[in-house]
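Student: Take a look at this one; I'll ask things after.
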């Protein structure tokens, strides 16, 4: 079976910037399958349901795939996806289905009596072939078929299509019993709803050298940290240097660091040690955190002074003048040379939407997700890896795990008990679950144990190697 690019279809996705949901008012009663492409949907604008990037699926004919648009607008209202990223993922899966349909010169309502001849069944077989030929992974196939089933299900339940549109049902719901592994490591059997086109995914392949804390993270060794800091000083931008210091000394995520504003560092309370400031982030502070959870970062006095000096520099002022907020305390600490944020905050999106609602915002609006930070980091690591061939690449998010392991080692060095260490690490990293914190506490022991077992095994085997 051919790869995705070999499907004979030029269907594509076009993003509509600053999009308001259009409410479905009525639809013309054209129920014949061959006429469904000409079914007319009538809308009016809903000012309360908005996204900065709405994905519109365009058929090879150049026409909008309107039923998919109706479905995606329904999803927008349900999930309120301001960025449009989730909607785009939905649209990408539906686009793959449309490409397959067009390649087969078929229609999404091609659902004859015999199940094996139905277009969705053919698509299921196509996905299974793609997995078998290693074109896509089983989890991708599972996600795509589930999205297609949800597309049909929603269109039926929300009456975007009528019963007369369907010659036969596209899918049948089923109840299945599956075994899951709980957070405590125990197996548990549960009953779940599924469908007759379900494709099994594959369990996550966990690397024992990584810590799974909101992603697979690799803590840097002390040697790696020192080398990186040396090359960061030589080749890194001032913005990347300061972001790195914050990450290494507080464990903050990239979206938290990049959405800090000048006002957040004003009048910070000094902690009892007189060397650290308490910086509150999350919830209504305007600083983004995972799921908006409130969290208290402990910012060293020295790093705060470095940031204060940077914000007072002519470089920062020039960047601020080009930005959305201008030269004020409400602006981001970190801005690119063009005055763009490294990571667009939720607060800014709402501020811009307010201007869009009142027709005051002109031009295309772009949302930033930290790519410039990753590019700057990549440039530094490229220099480092050229000089040290054994140096292993890492991602910015790995600095969070590095902070966690540095903290564990320091607390162990001071002689704290395991329970005290666990509580301190959990608090400072803002973990919701004890099991996540345990990954940090057990990491060093597990790593040493694996190395010991591997060494013993090799020594035994090498006796017979001549």
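The values are calculated or read from the model by the stated rules, or taken from the named source; none is laboratory data. Here the structure is a predicted model, which means the values were calculated and not measured. Cβ: placed from backbone, ideal geometry, glycine included. Neighbour counts: every protein chain shown.
Student: Within segment 100-116, can you find the residues that are outside any loop (DSSP other than H, G, I, E, B) and more than 34 Å from the chain's Cα centre (by Cα)?
Tutor: Of segment 100-116, the ones outside any loop (DSSP other than H, G, I, E, B) are 100-103, 115-116.
Result: 115, 116.
Student: Okay, moving on. Starting from residues that are in contact (Cβ under 8 Å) with a residue 40 or more places away in the chain and surrounded by fewer than 16 Cβ atoms within 10 Å (Cβ to Cβ), keep the ones in segment 370-386 and report whichever is farthest from residue 256 (Cα to Cα). Break it down into steps so the answer makes sense when it comes.
Tutor: From segment 370-386, those in contact (Cβ under 8 Å) with a residue 40 or more places away in the chain are 370, 373, 376-377, 379-381, 383-384; that's our starting set.
Now restrict to residues that are surrounded by fewer than 16 Cβ atoms within 10 Å (Cβ to Cβ): 379, 383.
Numbers: 379: 22, 383: 27 Å.
That would be 383.
Student: OK, next. Collect the residues in segment 1-15 that are modelled with pLDDT under 90 and either assigned to a strand (DSSP E or B) or surrounded by 12 or more Cβ atoms within 10 Å (Cβ to Cβ) (or both), keeping them in residue-number order.
Tutor: First, pick out the residues of segment 1-15 that are modelled with pLDDT under 90: 1-6.
Across segment 1-15, the qualifying residues are 1, 2, 4.
Student: Quick one: in segment 326-351, which of the residues that are outside any loop (DSSP other than H, G, I, E, B) and touching a strand residue (DSSP E or B) at 6+ places or on another chain (Cβ under 8 Å) is nearest to residue 266 (Cα to Cα)? Please lay out each step first, then the result.
Tutor: From segment 326-351, those outside any loop (DSSP other than H, G, I, E, B) are 332, 335, 341, 343, 346-351; that's our starting set.
Narrowing the set further to residues that are touching a strand residue (DSSP E or B) at 6+ places or on another chain (Cβ under 8 Å) leaves 332, 335, 341, 343, 348-349.
On the way: 332: 13, 335: 18, 341: 20, 343: 21, 348: 20, 349: 23 Å.
Checking each candidate, the answer is 332.
Student: Continuing with this model, one more query. Mind checking which residues of segment 352-369 are modelled with pLDDT under 95, surrounded by 13 or more Cβ atoms within 10 Å (Cβ to Cβ), part of a loop (DSSP other than H, G, I, E, B) and touching a strand residue (DSSP E or B) at 6+ places or on another chain (Cβ under 6 Å)?
Tutor: The answer is 365, and nothing else.
Student: Test residue 303 against the stated conditions and say whether it is closer than 22 Å to residue 254 by Cβ and in contact (Cβ under 8 Å) with a residue 24 or more places away in the chain. Please lay out each step first, then the result.
Tutor: Numbers: closer than 22 Å to residue 254 by Cβ: yes; in contact (Cβ under 8 Å) with a residue 24 or more places away in the chain: yes.
Criteria met by residue 303.
Student: Can you pull out the residues in segment 266-291 that are in a helix (DSSP H, G or I) and surrounded by 14 or more Cβ atoms within 10 Å (Cβ to Cβ)? It would help to see each step written out before you state the result.
Tutor: To start, the set of residues in segment 266-291 that are in a helix (DSSP H, G or I) comprises 283-285, 290-291.
Once the filter is applied, which keeps residues that are in a helix (DSSP H, G or I) and surrounded by 14 or more Cβ atoms within 10 Å (Cβ to Cβ), segment 266-291 yields only 285.
Student: Since residue 323 meets every condition but one in (1) without any contact (Cβ under 8 Å) to a residue 40 or more places away in the chain; (2) within 23 Å of the chain's Cα centre (by Cα); (3) crowded, with 17+ Cβ neighbours inside 10 Å; (4) in a loop (DSSP other than H, G, I, E, B), which condition does it not meet?
Tutor: Of everything listed in (1) without any contact (Cβ under 8 Å) to a residue 40 or more places away in the chain; (2) within 23 Å of the chain's Cα centre (by Cα); (3) crowded, with 17+ Cβ neighbours inside 10 Å; (4) in a loop (DSSP other than H, G, I, E, B), residue 323 misses just condition (2).
Student: Same structure, new question: Can you confirm whether residue 255 is in a helix (DSSP H, G or I), touching a strand residue (DSSP E or B) at 6+ places or on another chain (Cβ under 7 Å), touching a residue at least 12 places away in the same chain (Cβ under 8 Å) and not assigned by TED's automatic domain parsing to the domain that holds residue 403? Break it down into steps so the answer makes sense when it comes.
Tutor: Working: in a helix (DSSP H, G or I): yes; touching a strand residue (DSSP E or B) at 6+ places or on another chain (Cβ under 7 Å): yes; touching a residue at least 12 places away in the same chain (Cβ under 8 Å): yes; not assigned by TED's automatic domain parsing to the domain that holds residue 403: yes.
Here the answer is yes, as residue 255 does meet what is asked.
Student: Still on this model: Which of the following residues is modelled with pLDDT of 85 or more, in contact with a strand residue (DSSP E or B) (Cβ under 7 Å, 6 or more places away or on another chain), under 23 Å from residue 71 (Cβ atoms) and surrounded by fewer than 17 Cβ atoms within 10 Å (Cβ to Cβ): 172, 167?
Tutor: Answer to the check: 172.
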